1. If you take the residues of the range 90-146 that are of a type in the set (Phe, Trp, Tyr) and over 26 Å from the mean Cα position of the chain (by Cα), which of them is nearest to LEU79 (Cα to Cα)?
2. Yes or no: PHE71 surrounded by 10 or more Cβ atoms within 10 Å (Cβ to Cβ) and either among the β-branched types (Val, Ile, Thr) or at pLDDT below 85 (or both)?
3. Do the conditions hold for SER13, that is, is it among the small types (Gly, Ala, Ser), closer than 18 Å to ILE115 by Cα and out of contact with any Gly (no Cβ under 8 Å at 6 or more places or on another chain)?
4. Examine the range 2-14 for a residue that is among the small types (Gly, Ala, Ser), modelled with pLDDT of 85 or more and part of a loop (DSSP other than H, G, I, E, B), and state whether such a residue exists.
5. Which of the residues spanning the range 125-152 are closer than 14 Å to LYS103 by Cβ, modelled with pLDDT of 95 or more and open to solvent by 70 Å² or more (accessible area, probe 1.4 Å)?
6. Looking at the structure I just gave you, is ALA113 open to solvent by 50 Å² or more (accessible area, probe 1.4 Å), under 22 Å from GLY70 (Cα atoms) and at pLDDT 95 or above?
7. Quick one: is ILE104 within 19 Å of GLY140 (Cα to Cα), modelled with pLDDT of 85 or more and open to solvent by 70 Å² or more (accessible area, probe 1.4 Å)?
Amino acid sequence: KLAEADGNAIKASLDATGSYTLALKDGAIELNEEDLLPETTQKEGFFTVKEGNITVALDTTLTPELIEEGFVREIISKLQTMRKEANFNVTDHIIVSVQGNDKIDTIMKNNLASIQNDVLADQVVFDKLEGYHKEWDINGEKSTFGVKKTED
């Protein structure tokens, strides 16, 4: 019966009154701290750290939105690396081209304004490579990007 009880409720009762009353079909049993061996377990999807009486828990569940945001950050990082490898100035505006992966294309289209803003891209061209290009593995998805300076 104790294994089925709410551990948080038991802990709260022990903290407040020093005991917990467990209701059984034959009557109630009062348990105190010496009768129990509390054990903290890590709930799946959470990371917890405890110091003294304070516990901090972080939800580490990867939602589709977080996964997409991770892809966007990786795409931007790869494009910035390519700008550097192509010896572009940090202020140069560029044309980005992408080819080879429907998932990457969709993510880029869904986040086009953000990507363009971060890499100073005036235009993004799909299914055609222009300028300096390179194949990348982005979180297990292969895609080829191209960067080319915008003509003044």
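1. Step one: of the range 90-146, the residues of a type in the set (Phe, Trp, Tyr) are 126, 132, 136, 145.
Applying the additional criterion that residues be over 26 Å from the mean Cα position of the chain (by Cα) yields 126, 132.
On the way: PHE126: 15, TYR132: 11 Å.
The extreme case among them is TYR132.
2. Details: surrounded by 10 or more Cβ atoms within 10 Å (Cβ to Cβ): yes; either among the β-branched types (Val, Ile, Thr) or at pLDDT below 85 (or both): no.
Taking the combined requirement at face value, the residue does not satisfy it.
3. Working: among the small types (Gly, Ala, Ser): yes; closer than 18 Å to ILE115 by Cα: no; out of contact with any Gly (no Cβ under 8 Å at 6 or more places or on another chain): yes.
Here the answer is no, as SER13 does not meet what is asked.
4. If we filter the range 2-14 for residues that are among the small types (Gly, Ala, Ser), which is where we start, we get 3, 5, 7, 9, 12-13.
Next cut, modelled with pLDDT of 85 or more only: 9, 12-13.
Among the residues that remain, those that are also part of a loop (DSSP other than H, G, I, E, B) are: none.
Within the range 2-14, not a single residue is among the small types (Gly, Ala, Ser), modelled with pLDDT of 85 or more and part of a loop (DSSP other than H, G, I, E, B).
5. ASP137, LYS142
6. Working: open to solvent by 50 Å² or more (accessible area, probe 1.4 Å): yes; under 22 Å from GLY70 (Cα atoms): yes; at pLDDT 95 or above: yes.
In short, yes.
7. Working: within 19 Å of GLY140 (Cα to Cα): yes; modelled with pLDDT of 85 or more: yes; open to solvent by 70 Å² or more (accessible area, probe 1.4 Å): no.
Considered against the rule, which asks whether it is within 19 Å of GLY140 (Cα to Cα), modelled with pLDDT of 85 or more and open to solvent by 70 Å² or more (accessible area, probe 1.4 Å), ILE104 comes out as no.
The values are calculated or read from the model by the stated rules, or taken from the named source; none is laboratory data. What you see is a predicted model, and the numbers here were worked out from it, not measured in a lab. Here the Cβ is made from the backbone with ideal geometry for all residues, glycine too, and neighbour counts use every protein chain on show. SASA here: full protein model, heavy atoms, side chains in, ligands and nucleic acids out. Shrake-Rupley method; radii C 1.70, N 1.55, O 1.52, S 1.80 Å.
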